[in-house]
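**Q** Handing you a structure now.
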Amino acid sequence: MPTMWLSDNQKIGVVFCSGGGFFLIGGVLLFFDRAMLAMGNILFLIGLTIIIGPQKTLLFFARRQKAKGTAAFFAGLLLILLRWPLVGFLVELYGIVILFGDFLGTIAGFARNVPVVGPYIGMLVDRVGLGRRNAELPV
């Protein structure tokens with residue numbers, strides 16, 4: 001597997017983020033199970049911190065233009081811990097879109113290259129409009 005550009009610690013961080021994603025999906029599939037959603041959030045934050053480092057993680061969440069997304073993400077996490085999992089998940093989802101919205105085009109471009117479902121993902125991305133963010137700009 002060609003992951004030579006990732007250090008061993010970063011590979012561990014990717015595993016934590018992936019585990020967090022699986023726990024989040026499992027929490028949604030189990031009708032917003034509070035424990036699984038909280039575990040998914042914690043694993044995701046640990047993995048992100050291991051991948052990019054603690055200082056860059058704090059700088060990412062503390063940026064002025066991402067303040068609304070950061071507040072929504074952590075408010076959603078707090079609501080999940082306070083036994084409001086559906087509302088907390090929706091608030092947290094809004095925060096994730098605000099925080100990581102810049103990366104959605106990159107993720108969509110990567111998803112187009114998936115062997116079997118890539119063309120279908122590409123059609124969906126074209127309909128939603130994630131793939132061509134700056135298409136009207138002159139090069």
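**Q** Do you know which residues across the stretch 26-39 are open to solvent by less than 60 Å² (accessible area, probe 1.4 Å) and in a helix (DSSP H, G or I)?
**A** Passing the criteria: GLY26, GLY27, VAL28, MET36, LEU37, ALA38.
**Q** Closer than 18 Å to GLU92 by Cα, buried (at least 18 other Cβ atoms within 10 Å of the Cβ) and modelled with pLDDT of 90 or more: is that true of PHE23 in this structure? Reasoning before the result, please.
**A** Details: closer than 18 Å to GLU92 by Cα: yes; buried (at least 18 other Cβ atoms within 10 Å of the Cβ): yes; modelled with pLDDT of 90 or more: yes.
In short, yes.
**Q** Any residue that is among the hydrophobic types (A, V, I, L, M, F, W, C), within 18 Å of VAL14 (Cα to Cα), exposed (fewer than 13 other Cβ atoms within 10 Å of the Cβ) and free of Cβ contacts under 8 Å to residues at least 60 places away in the same chain - is there at least one of those in the stretch 92-105?
**A** There is at least one residue in the stretch 92-105 that is among the hydrophobic types (A, V, I, L, M, F, W, C), within 18 Å of VAL14 (Cα to Cα), exposed (fewer than 13 other Cβ atoms within 10 Å of the Cβ) and free of Cβ contacts under 8 Å to residues at least 60 places away in the same chain.
**Q** Related question: Taking the condition in a helix (DSSP H, G or I) and in contact with a Lys or Arg (Cβ under 7 Å, 6 or more places away or on another chain), does ILE80 pass?
**A** It is true that ILE80 is in a helix (DSSP H, G or I) and in contact with a Lys or Arg (Cβ under 7 Å, 6 or more places away or on another chain).
**Q** Within the stretch 76-127, track down each residue that is at pLDDT 85 or above, within 19 Å of the chain's Cα centre (by Cα) and β-branched (Val, Ile, Thr).
**A** If the condition is that a residue be at pLDDT 85 or above, within 19 Å of the chain's Cα centre (by Cα) and β-branched (Val, Ile, Thr), then ILE80, VAL87, VAL91, ILE96, VAL97, ILE98 are the ones that fit.
**Q** Report, by residue number, each residue of the stretch 106-120 that is open to solvent by 50 Å² or more (accessible area, probe 1.4 Å) and in a helix (DSSP H, G or I).
**A** If the condition is that a residue be open to solvent by 50 Å² or more (accessible area, probe 1.4 Å) and in a helix (DSSP H, G or I), then THR106, ILE107, PHE110, PRO119, TYR120 are the ones that fit.
**Q** On the basis of being in a helix (DSSP H, G or I) and under 17 Å from ILE98 (Cβ atoms), does GLY69 make the cut?
**A** yes
**Q** What's the number of the only condition in (1) over 30 Å from GLY129 (Cβ atoms); (2) in contact (Cβ under 8 Å) with a residue 60 or more places away in the chain that GLY13 fails to meet?
**A** (2)
**Q** Of ILE50, ILE42, which residue is surrounded by 17 or more Cβ atoms within 10 Å (Cβ to Cβ) and within 26 Å of ILE12 (Cβ to Cβ)?
**A** Working: ILE42 fails: surrounded by 17 or more Cβ atoms within 10 Å (Cβ to Cβ).
Just one listed residue meets the conditions, ILE50.
The values are calculated or read from the model by the stated rules, or taken from the named source; none is laboratory data. Owing to the predicted nature of the structure, the values given are computational and were not obtained by experimental measurement. Cβ sites come from the backbone with ideal geometry, for glycine too, and all protein chains shown count toward neighbours. Ligands, DNA and RNA are excluded from the accessible area calculation, which covers all protein heavy atoms including side chains. Shrake-Rupley method; radii C 1.70, N 1.55, O 1.52, S 1.80 Å.
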